[in-house]
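Encoded as structure tokens, the structure appears first; notes follow it.
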Amino acid sequence: DKRNVLRKSVSVRGELTETACINAGVENCLSMGCPSLSISRERNLGSVLQSKWENVASKLSNVNENVSLKIGVGLPALHNDRENYAKVMDMLLAVCKNHECHFIAQAPYDKDLLLRYASDNVDKEKVLYFREEVESWFEFARSLDFVLSTRIHGGMAGITQGVPTIIIPTDLRIFELVNAMKLPHIYFDDATHET
């Protein structure tokens, strides 16, 4: 019923949160994901992303060439979970063996944690922390071919700037957001499963 939708006035991140609100007696909720999805200045964002996804796929499918993409890697917020931090970092570092990776720190502890874990495999000059400087983060994101992020805002920085992005949710909150917004993602267990 259209009138019912118009009465909904509280935006929540996903279906689980919407259900929790309803169960708590707050029924005017609407699952919409993260507001950052609406900050792109690109009117044809879907078309831009599709074209760039096709370009990335074309580059990677050419097995006769040694292709190196410029990838932004959103570091995981798993500082209290050493086992899962190691799993996801091993996977991300494996991707970086064949590509030019720039690690995006989103918390003050990210850079130190990364360098303690993989200092031999990481160029310290390519570990970036933008603090509150969203515009400079977006400007850098536009220079990338691809973003691989374990955090929602790391992924959204790429998507809103028209950069093909895959998000690897590391917690239920991120999982709920990528599902609500129908963003490209790989389940944590699938991404970190050893073959």
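The values are calculated or read from the model by the stated rules, or taken from the named source; none is laboratory data. All values reported here derive from a predicted model rather than from experimental measurement. Note: ideal-geometry Cβ built from the backbone for every residue, glycine included; neighbour counts use all protein chains shown. All accessible areas refer to the heavy atoms of the entire protein, side chains included, with ligands and DNA or RNA removed. Shrake-Rupley method; radii C 1.70, N 1.55, O 1.52, S 1.80 Å.
Some observations on this one:
- For region 24-31, 3J(HN,Hα) per residue [Karplus equation, 6.51 cos²θ - 1.76 cosθ + 1.60, θ = phi - 60°, Hz, x = Gly/Pro]: 8, x, 9, 9, 9, 9, 9, 6
- Derived scalar couplings ³J(HN,Hα) [region 86-102; Karplus, 6.51 cos²θ - 1.76 cosθ + 1.60; whole Hz; x for Gly, Pro]: 4, 4, 6, 5, 4, 5, 5, 5, 5, 4, 6, 4, 10, 9, 7, 9, 10
- The chain: Lys pairs at Cα distance under 17 angstrom, eight or more positions apart or on different chains: 11
- Considering only ALA105, ALA86, ALA24, the mean-square fluctuation computed in a Gaussian network model of the chain, springs between alpha carbons under 10 angstrom, is largest for ALA24.
- Dipole magnitude of the chain, debye to nearest 20 (Cβ charges: Lys/Arg +1, Asp/Glu -1, about Cα centre): 600 debye
- The mean sequence separation of alpha-carbon pairs under 8 Å and at least six residues apart, normalised by the residue count of region 101-188, gives a relative contact order of 21 percent.
- Ordering ALA86, HIS99, GLY72 by Cα displacement along the dipole of region 1-149 toward the positive end leaves GLY72 in first place; charges were set at the Cβ atoms of Lys, Arg (+1) and Asp, Glu (-1).
- Segment GLU15-ARG142, extension gain: residue separation times 0.36 nm, minus the distance between their alpha carbons: 42.6 nm
- Springs join every pair of Cα atoms under 10 Å in this Gaussian network model of the chain, and among ASN121, ASN66, ASN55 the largest mean-square fluctuation is at ASN66.
- For region 59-68, 3J(HN,Hα) computed residue by residue from phi via the Karplus equation (6.51, -1.76, 1.60; θ = phi - 60°) reads 4, 6, 7, 7, 6, 7, 10, 8, 9, 10 Hz, glycine and proline entered as x.
- Contact order normalised by residue count of region 67-111, Cα under 8 Å, 6+ apart, percent: 59 percent
- At the listed q of 0.17, 0.20 Å⁻¹, the Debye profile of region 6-78, built from one uniform point per Cα, gives log10 I(q)/I(0) equal to -0.87, -0.96.
- No Cys partner within the rule (Cβ under 4.7 Å), the chain: CYS34
- In this structure the amide hydrogen of VAL147, modeled in the peptide plane, comes within under 5 Å of the amide hydrogens of GLY72, THR165, ILE166, none closer than 5 places in sequence on its chain.
- Rounded to the nearest 10 square angstrom, LEU60 shows an accessible area of 90 square angstrom against a 1.4 Å probe.
- Structural descriptor for the chain: relative contact order 25 percent, calculated from alpha carbon pairs under 8 angstrom and at least 6 residues apart.
- Computed with a 1.4 Å probe on the full set of protein chains, the accessible area for LYS59 sits at about 70 Å².
- Put simply, the amide H of VAL127, placed in the peptide plane, has neighbours under 5 Å in PHE103, leaving out anything fewer than 5 places away on its chain.
- Of the whole protein surface, CYS34 contributes about 20 Å² of accessible area at a 1.4 Å probe radius.
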